[in-house]
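Chemist: Below is one structure. I have some questions about it.
Each value in this text was obtained by applying a stated rule to the coordinates, not by laboratory testing. Source: prediction; values computed, not measured. Cβ placement follows ideal geometry from the backbone for every residue including glycine, while neighbour counts extend to all protein chains displayed.
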Amino acid sequence: MFVEKIVHTIKKYGMLSEGDTIIAGVSGGLDSIVLLHILDGFVRDEGGQLIVAHLHHGLRGEEADRDETFVAERAKKLGLVYRCRKAELSSRVKETRENLQAAARDERYRFFESVREEFNGDKIALGHNADDQAETVLMRIVRGCGIKGLAGIPPVRSNIVRPLIETRRSEIAAFAASKGISYVEDSSNK
């Protein structure tokens with residue numbers, strides 16, 4: 001039922017098509033690892049190619065190194081092409097005084113786009129879920145955004161798709177547990 005729900009979301013928003021080359025942004029966390037497994041099945045059924053992209057932010061030392069190794073090994077186990085880049089965000093943030101979270105997001109999107117271009121990819125798939133959507137809307141309300149900001153995270157924006165956007169984190173965790181899917185936990189998200 002879980003996989004069917006994700007496939008329904010993919011079809012509802014026209015996120016992916018048969019034969020697409022999909023770049024999966026994978027951190028190693030629950031959402032992105034489950035997304036990777038769902039997309040791997042989708043590509044096997046619908047044709048196309050799945051590329052795994054991981055950005056090492058250069059911020060969490062050994063924990064980030066562990067994440068990178070985990071994602072690389074998962075991609076290898078699935079027989080998928082893997083791309084990784086290491087960013088040095090701490091020096092960038094010191095120089096520009098920009099918000100660390102915003103800088104990290106911008107760097108991820110730039111990296112994912114560069115991988116999409118390298119492989120002439122069709123879509124970049126990210127693991128945002130319904131809980132992320134609710135958190136985003138709540139934060140925008142707290143910040144006093146206008147009506148436009150209340151729209152939240154779009155399921156599809158240009159070539160970026162979010163197949164888990166209508167799925168709760170608890171559903172994702174239950175699916176991972178039922179399938180024995182392992183993932184890494186980021187201590188900075190606790």
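Chemist: Using modelled amide H (1.01 Å from N, peptide plane; none on Pro or chain starts), what sits under 5 Å from the amide H of Ile124, excluding residues fewer than 5 places away?
Modeler: Result for Ile124 returns Ile23, Ile160, Val161.
Chemist: Spelling out what I want: for every residue of segment 103-110, take phi, set θ = phi - 60°, compute 6.51 cos²θ - 1.76 cosθ + 1.60 (Karplus), and round to whole Hz; glycine and proline get x.
Modeler: 5, 5, 4, 4, 5, 4, 5, 5
Chemist: I would also like to ask the following. Based on the mean of other Cβ atoms within 10 Å per residue, sort peptides 17-30, 34-47 so the most packed one is first.
Modeler: Details: 17-30: 21.1, 34-47: 19.1.
Put in order of decreasing packing, that is 17-30, 34-47.
Chemist: Also, quick follow-up: Okay, which of segment 150-173 sit inside 16 Å, backbone N to the point 7 Å along the Cα-Cβ direction of Phe2?
Modeler: Residues 163-173 fall inside that zone.
Chemist: Once fully extended, how much extra length lies between Ser178 and Glu118, figured as 0.36 nm per residue of separation less the alpha-carbon to alpha-carbon distance? Kindly include the intermediate steps, with their values, before the conclusion.
Modeler: Working: separation 60, 0.36 × 60 = 21.60 nm, distance 3.53 nm.
Full extension from Ser178 to Glu118 adds 18.1 nm.
Chemist: Among Lys5/Lys77; Lys77/Lys123; Lys5/Lys86; Lys12/Lys76; Lys12/Lys86; Lys76/Lys179, which pairs are too far apart, with a Cα-Cα distance over 28 Å? Mind showing how you got there, number by number?
Modeler: Values: Lys5/Lys77 25 Å; Lys77/Lys123 22 Å; Lys5/Lys86 34 Å; Lys12/Lys76 31 Å; Lys12/Lys86 35 Å; Lys76/Lys179 19 Å.
The answer is Lys5/Lys86; Lys12/Lys76; Lys12/Lys86.
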